[in-house]
Amino acid sequence: MKNLETTLIHQGNQYNTTKAVVTPIFQTSTYLADADLSAYIEAATATKHPAFYHRHGNPTNSQVAELIATLEKTEDALVLATGMAAISTAILAIVKAGDHIVAQHAHYSGSTLFLKEFLSDYGVEITHVDQTDNEAFEAAIRPNTKLIYVETPSNPNLDLTDLAFIGQLGKRLGITTMADNTFASPINQTPHDFGIDVIVHSATKYLGGHSDLTAGIVCGPKAYIERVWQRSLVLGASLSPFDSWLLLRGLKTLALRVRQINENALALATWLAENPLIKRVRYTGLSSHPQYELACKQMQGFTGMICIEIDGKNEEEEFLRAQTILSRLKLFINAASLGGVESLIVHPASMWGAHHSSTQKQNAGITRGMLRISVGIEHIDDLIADFQQAFAGL
Ligand SMILES: *Cc1c(COP(=O)(O)O)cnc(C)c1O
């Protein structure tokens, strides 16, 4: 592999068979058949053929997949229409009725719903464990366990899973391991280095990076990606040509963006931690994080995700203050999602209100005074000043 910055600009460019320097948008559902019918048969059956019919493949999708597989150090990858399409298709390519999955208490809300409600309707059993407890993963393994599914850092509390432990456990017992690497991005963490077999992403977040598309990716061994692709043919969540082109464009600056975001987030987290209005700052790059040592071991950078808890006399005051701060912030946009060039902030207890019971929120460590921040690439002085004016008089 070339150096990261070079890979981001050039990897997969052979899929651009035109003379255009920038890969065009192949906005077509279907492709001209080869006059030689045996070649056409080959195109119709080849995995991810980039020029047969869109659900099978598209040149930009192939370029994006090769690029991200290189970043994640896996043999192959498949892009899909959303992060949830990637996660659900990736899991459905591994488990069937009668199988068992070990997963965490805290996952992205859509993943939790998929594991807990969707898969259990189809006869797949799940055990949820505390991700910070290595032994809990091992104790949950059964003879029919086919998958260990992890997410680190997790949403929204930024708890970490020990990737080397999980990778070794999976290898020792012959169980597939899969990690959602959305929060870290491959700039900050490459789970394959620790023996994780499959890496999934919501490319909607850091990989795309501009909050203008939805996409997902599954990275893993070639034979497995072929199975995921076969599942995707019937589930049908292909990534559109335009979103694929936007993703490719966004990826070119991934390293620049993520490094600036890491730097901004560390400065903001440090500033917030010193403010008396803040009860607790969770940031993987602060030594106050309970798993700071593990963060330093498995991450090269600490991401733009910060989770804060506002202090108050009681829970009600903490909630009201959080609400006031949200309404006063001008640069931090109150919106779901993360990983874009613009800073976003969200109140997790409200965002998850519709999907999760209070027990589930408690399990995921969500409190009413909690705010989750996704730091962007604005100037750090302006970001700090925005919080300063939002905190005034509280
Ligand atoms: C957003 C997100 C997803 C889901 O991705 P979509 O692109 O919204 O479908 C999955 N996992 C994590 C960690 C996410 O942040």
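The values are calculated or read from the model by the stated rules, or taken from the named source; none is laboratory data. Keep in mind that this is a model prediction, so the values were computed, not measured. Don't worry about glycine lacking a Cβ; one is built from the backbone with ideal geometry, like all the others, and counts go over all protein chains shown.
All but one of (1) closer than 26 Å to Gly304 by Cα; (2) among the β-branched types (Val, Ile, Thr); (3) part of a helix (DSSP H, G or I) hold for Val234; state the number of the condition that does not hold.
(1)
What is the number of the single condition among (1) free of Cβ contacts under 8 Å to residues at least 12 places away in the same chain; (2) surrounded by 24 or more Cβ atoms within 10 Å (Cβ to Cβ) that Gly174 does not meet?
Of everything listed in (1) free of Cβ contacts under 8 Å to residues at least 12 places away in the same chain; (2) surrounded by 24 or more Cβ atoms within 10 Å (Cβ to Cβ), Gly174 misses just condition (2).
Out of all the residues in segment 1-56, which are assigned to a helix (DSSP H, G or I), surrounded by 17 or more Cβ atoms within 10 Å (Cβ to Cβ), aliphatic (A, V, I, L, M) and touching a helix residue (DSSP H, G or I) at 6+ places or on another chain (Cβ under 7 Å)? Walk me through how you get there before you give the answer.
Initial filter on segment 1-56 (assigned to a helix (DSSP H, G or I)): 4-10, 13-15, 37-45.
Then keep just the ones that are surrounded by 17 or more Cβ atoms within 10 Å (Cβ to Cβ); that gives 7-8, 15, 43.
If we keep only those that are aliphatic (A, V, I, L, M) too, we end up with 8, 43.
Within segment 1-56, Leu8 is the sole residue that qualifies.
Which ones in segment 332-359 are closer than 19 Å to Thr303 by Cα, surrounded by 19 or more Cβ atoms within 10 Å (Cβ to Cβ) and of a type in the set (A, V, I, L, M)?
Within segment 332-359, Leu338, Leu344, Ile345, Val346 meet the criteria.
Kindly provide the set of residues from segment 52-111 that are within 30 Å of Tyr31 (Cβ to Cβ) and among the basic types (Lys, Arg), ordered by number.
First, the residues of segment 52-111 that are within 30 Å of Tyr31 (Cβ to Cβ): 52-72, 74-90, 92-93.
Answer for segment 52-111, where residues must be within 30 Å of Tyr31 (Cβ to Cβ) and among the basic types (Lys, Arg): just Arg55.
Val21 is checked against (1) closer than 19 Å to Leu251 by Cα; (2) in contact (Cβ under 8 Å) with a residue 24 or more places away in the chain and fails just one. What number does that condition carry?
The one condition Val21 does not meet is (2).
So which helices (runs of 4 or more DSSP H) stay within segment 82-142 end to end and still have 3 or more residues that are assigned by TED's automatic domain parsing to the domain that holds Lys205 and more than 16 Å from the ligand (Cβ to nearest atom)? I'd like the intermediate steps shown before the answer.
Working: elements: 83-92, 109-113, 134-140.
Those helices (runs of 4 or more DSSP H) span 134-140.
Pairs under 6 Å by beta carbon, first residue of a type outside the set (A, V, I, L, M) in segment 289-310, partner part of a strand (DSSP E or B) and surrounded by fewer than 22 Cβ atoms within 10 Å (Cβ to Cβ), six or more apart or different chains?
Pairs that qualify, where the first residue is of a type outside the set (A, V, I, L, M) and the partner is part of a strand (DSSP E or B) and surrounded by fewer than 22 Cβ atoms within 10 Å (Cβ to Cβ), are Glu309/Lys279; Glu309/Arg280.
Does Ala237 satisfy the criteria of being surrounded by fewer than 24 Cβ atoms within 10 Å (Cβ to Cβ) and over 30 Å from Gly312 (Cα atoms)? First the steps, then the outcome.
Values: surrounded by fewer than 24 Cβ atoms within 10 Å (Cβ to Cβ): yes; over 30 Å from Gly312 (Cα atoms): yes.
Yes, satisfied.
Could you check segment 348-379 and list, in sequence order, the residues that are at pLDDT 95 or above and either aromatic (Phe, Trp, Tyr) or farther than 22 Å from Leu266 by Cβ (or both)?
In the first step, residues of segment 348-379 are kept if they are at pLDDT 95 or above; the result is 369-379.
Within segment 348-379, just Gly369 meets the criteria.
Are any residues in segment 165-191 within 19 Å of the chain's Cα centre (by Cα), aliphatic (A, V, I, L, M) and more than 15 Å from the ligand (Cβ to nearest atom), and if so, which ones? If you could, list the steps in order and put the result at the bottom.
From segment 165-191, those within 19 Å of the chain's Cα centre (by Cα) are 166-167, 176-191; that's our starting set.
Add one more test, that the residue is aliphatic (A, V, I, L, M), and what stays is 166, 178-179, 184, 187.
Answer for segment 165-191, where residues must be within 19 Å of the chain's Cα centre (by Cα), aliphatic (A, V, I, L, M) and more than 15 Å from the ligand (Cβ to nearest atom): Ile166, Ile187.
Among Ala51, Ala81, which is the only one that is small (Gly, Ala, Ser), at pLDDT below 95 and at negative phi? Give the steps one after another, and end with the answer.
Numbers: Ala81 fails: at pLDDT below 95.
Going through Ala51, Ala81 in turn, the sole match is Ala51.
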